[in-house]
Amino acid sequence: MRRSEIRVLILRVGGTNCDRETALAFRDLGVEAEVVHTHRVIREGSLPDYDVLVFPGGFSYGDYVRSGVIWAKLVEAYLLEDLMRFVEEGHPVIGICNGFQLLVELGLLPGFEGRSPYPEAALATNASNVYECRWVRLKNVNRGNCPFTRSIPREAIIRMPVAHGEGRFLFPREWEEEYLERLYEKDQLVLRYVKPDGSFAEGEYPHNPNGSFHDIAGICSPEGNVFGLMPHPERAYYGWQLPDWTRMGRPPEYGDGRLILEGIVEYVERRF
């Protein structure tokens, strides 16, 4: 598929944010990107018209009950059939921050045996018990299953910001080791929080900003085309968004977030 033909759908509801920034970043990559309310997509049945689906960050419906769950129930009730067909056809789905929370609530991530009827993990309140908005370092630990990070060398360190109150990735205590082993076996572990020297954060704050189990910042589905992460690539897309660019004299053209969004576009170009 030609890049100019690719259509990206960025869903929104009350409380989502960074949808316009995400659209702007994708448009810079030469694709068509639209921000559309979830209710409109449900009413028109238009999801199959798109090639990429993005659930952006924010605080959907005020994050009442728990983060992402109300939006997830809306999708489950009215959009699930189209969404599952979209996923099964190999189309890329990315959930950023609140979108990651939604994908976990929907049972699409980690999705060890396909979509689970109940959440297999949780994104709980930060261990600091406060909203964390800071830049973090991440290591790409994926062996190639996630097509969106294939242009990032394995073990490479990238930087992106987080902005959340509930980002602590957890498995049920009794299943922690088994589920972690399955993540590694199926190559679903994608991004982990690290310290400035590149070693894993080992839960140490603020390098692991939320207390996530095993320093997990992002995972993908067994098939690789569903990807969720707590950091915001759209907030690290342009070089001028970097927090320390003034020390460089002038900002670079792009930041590390571009690598992930461009990886999605390149995947669609190759696959469809």
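The values are calculated or read from the model by the stated rules, or taken from the named source; none is laboratory data. Computed from a predicted structure; not experimentally measured. Neighbour counts run over all protein chains shown; Cβ positions are idealised from the backbone, glycine included.
Test A201 against the stated conditions and say whether it is under 22 Å from Q101 (Cβ atoms), surrounded by 16 or more Cβ atoms within 10 Å (Cβ to Cβ) and in contact with a His (Cβ under 6 Å, 6 or more places away or on another chain).
yes
Determine whether G218 is on the phi > 0 side of the Ramachandran plot and in contact with a Ser or Thr (Cβ under 9 Å, 6 or more places away or on another chain).
no
Out of all the residues in the range 10-33, which are free of Cβ contacts under 8 Å to residues at least 40 places away in the same chain and crowded, with 16+ Cβ neighbours inside 10 Å?
D19, A23, E32, A33
Show me the helices (runs of 4 or more DSSP H) entirely contained within the range 59-134 in which 3 or more residues are farther than 30 Å from L242 by Cα and not hydroxyl-bearing (S, T, Y).
In the range 59-134, 69-78, 80-88 are the helices (runs of 4 or more DSSP H) which contain 3 or more residues that are farther than 30 Å from L242 by Cα and not hydroxyl-bearing (S, T, Y).
Residue check: is S67 modelled with pLDDT of 95 or more and among the polar types (S, T, N, Q)?
Taking the combined requirement at face value, the residue does not satisfy it.
How about the range 1-39: which of its residues are assigned to a loop (DSSP other than H, G, I, E, B) and either in contact with a helix residue (DSSP H, G or I) (Cβ under 8 Å, 6 or more places away or on another chain) or modelled with pLDDT of 95 or more (or both)?
M1, R2, I6, V13, G14, G15, C18, L29, G30, V31
Whether any residue in the range 137-146 is part of a strand (DSSP E or B), free of Cβ contacts under 8 Å to residues at least 60 places away in the same chain and surrounded by 18 or more Cβ atoms within 10 Å (Cβ to Cβ) is what I want to check.
So far as the range 137-146 goes, yes, one or more of its residues are part of a strand (DSSP E or B), free of Cβ contacts under 8 Å to residues at least 60 places away in the same chain and surrounded by 18 or more Cβ atoms within 10 Å (Cβ to Cβ).
Let me confirm something: among P172, P251, which residue is over 19 Å from the mean Cα position of the chain (by Cα), without any contact (Cβ under 8 Å) to a residue 60 or more places away in the chain and surrounded by 15 or more Cβ atoms within 10 Å (Cβ to Cβ)?
Answer to the check: P251.
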